[in-house]
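*Asks:* One structure coming up, written as structure tokens, with questions to follow.
Nothing in this text is a laboratory measurement; each read-out follows from the coordinates by a stated rule. All figures in this text were calculated on a predicted structure; none of them were measured in a lab. Neighbour counts run over all protein chains shown; Cβ positions are idealised from the backbone, glycine included.
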Amino acid sequence: MTNSSEESSAVEELAVKREQQAKTNEDERLKELQDQKAYLEEKLEFLTLQKKRNEQEITRLNSSNTELRELRSNIKRQLIKFVNVVNDWQRFRDGIVKESNVWEQKAEKIVDA
């Protein structure tokens, strides 16, 4: 019976070791999962902050884009006004030159007469 008793004890010891190993494996797996969860939570927090920064940047860029469109429109209006003033000045200058030519011709006629 000693042999049988030793076998039984060895089987029980092996069963206990297997249970301990299974428990150790479970504990290790649980620790890995907890570490992975912590990492993913940190990553989620980082990505959430990144998303918020990106949304703020998009808002800023949209605002800048609107300002640039308004500025471009204002520049265009000012350029049109400037061109009109230049055109008016050229017409005025051309009128003075024509008037001057008329007076010159009248003066020449008076001198020639």
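*Asks:* Hey, got the Cα dimensions of the range 60-113 along the principal axes, in Å, largest first?
*Replies:* Principal axes ranked by extent give 78, 7, 5 Å for the Cα atoms.
*Asks:* Moving on. To test your reading of the geometry: what angle, between 0 and 90 degrees and rounded to tens, separates the Cα axis of helix 2-112 from the longest principal axis of the chain?
*Replies:* Computed tilt is about 0 degrees.
*Asks:* Might you report the magnitude of the Cβ-based charge dipole of the range 8-113 about its Cα centre, with Lys and Arg at +1 and Asp and Glu at -1, to the nearest 20 debye?
*Replies:* Working: 21 positive and 21 negative charges, 174 e Å.
Rounded to the nearest 20 debye, it is 840 debye.
*Asks:* For the chain, go through all pairs of different Cα atoms, get the mean of 1/r, take its inverse, and jot down that Kirkwood value in Å.
*Replies:* 24.5 Å
*Asks:* A further question follows. Note the full-extension length gain between residue 31 and residue 57 as 0.36 nm times their separation in residues minus their Cα-Cα distance, in nm to one decimal.
*Replies:* On the way: separation 26, 0.36 × 26 = 9.36 nm, distance 3.86 nm.
Going from the current span to full extension adds 5.5 nm.
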